Every structure is written in C-alpha cells, then in structure tokens.
Amino acid sequence: QAVPRYKPSMAGVVVPGAMIAYGFLALGNNALKDLNGSTKGELQEDHPTFANHIDNYLQYAPAVAVYGLNAAGIHGQHNLRDRSMLYGMSMLMMSGTVFVTKKLTHEERPDQSNYYSFPSGHTASAFAAAEFMRQEYKEVSPWYAYAGYAMATATGALRLYNNKHWL
C-alpha cells in the first residue's frame, strides 16, 4: 500500500509562518517591541491579579485526548506503539528546536524571570499535540482537530495573561 503524500494547506503554512516571522522580527524591531509592551500593559491593566497555571497542563491536553479517545473505543489512525512513536518523535524535534532557539534569541520574559521567552515552549508543545490529534482523527471527525487547536490557542493566550510571553 502506497503512503499518501502530505499536501500542506495554505493556511497550514502561512499562519504559523507569519507568527514565527513576527516573533523573530519583534526581537529587533522597535515598533513591534512597542506593540508587545503595550499588549502586555493592557493585559496587566485589565487583569492585574490574573494567575492561572492551567497552561502548564493544557499544553498536553490534545495528546492526552488522543490516548483517552482510543481507550474509549474511538480509534485514530495508528496503533498504540506507532502513535506513541510519532508523538514522541514530534515532541523531541519540537523540543530541540525550541530549546536551541531560546538559547540563541535570549529574549527576556515579560515578568523578567529569565531569558527564555522566545519561542514559547508551552505553546509549541500545545500546537504539536494539536496537530498530532488532528492527524490521528482527521478521518473520524474534524471536530477533534478543532478541539485540539482550541486548546493550543488557549495555551498561547494563557502564556500572555500569565505574563510569561510577549505577543
């Protein structure tokens, strides 16, 4: 049986590409740094006592959902071993890329706790897990993909609200 070729969608390339490009451009562009600062200021002004660390767990929710759905009898594309290998390899590649980029960019967090602000490891982990969920369940229902990406988006927003990342 032939393996189907992966055909990336325009949105699947343009949206993440634009977000990554913004992140890199904001490292050295004063106008974007000002936008980052004003966004942080607005969030802090509107929600000065916000402190919710569900993002530490939500980043893994799409992957946990894949295993939970399989346990409930709603089977995805792969068996347990293959699914685990795919998820593990994707997380390993994502983690390596994020770690190296954090070391190279040395961007201070908005809360000034350290210099590992860019890129967001929580958000990268959440979107990797969301894509893992989408790939596993795209033939079953598009709603699983939407749910995974909603959790990933919430993770990214919570990182801003928790004052851990810039826009």
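The values are calculated or read from the model by the stated rules, or taken from the named source; none is laboratory data. Quick caveat: nothing in here was measured; it's all calculated off a predicted structure. FYI the Cβ positions are ideal-geometry reconstructions off the backbone, even for glycines, and counts take in every protein chain you see. We work out accessible area using only protein heavy atoms, side chains counted, and drop any ligands, DNA or RNA first. Shrake-Rupley method; radii C 1.70, N 1.55, O 1.52, S 1.80 Å.
Quick notes
- Sole residue being modelled with pLDDT of 90 or more, out of contact with any Pro (no Cβ under 8 Å at 6 or more places or on another chain) and under 19 Å from Gln135 (Cα atoms), chosen from Ala31, Ala72: Ala72
- Within the range 132-152, considering residues that are assigned to a loop (DSSP other than H, G, I, E, B) and not charged (D, E, K, R), the one least open to solvent (accessible area, probe 1.4 Å): Ser141
- Residue among Leu167, Leu160 that is touching a residue at least 40 places away in the same chain (Cβ under 8 Å), closer than 25 Å to Leu35 by Cβ, part of a helix (DSSP H, G or I) and open to solvent by 30 Å² or more (accessible area, probe 1.4 Å): Leu160
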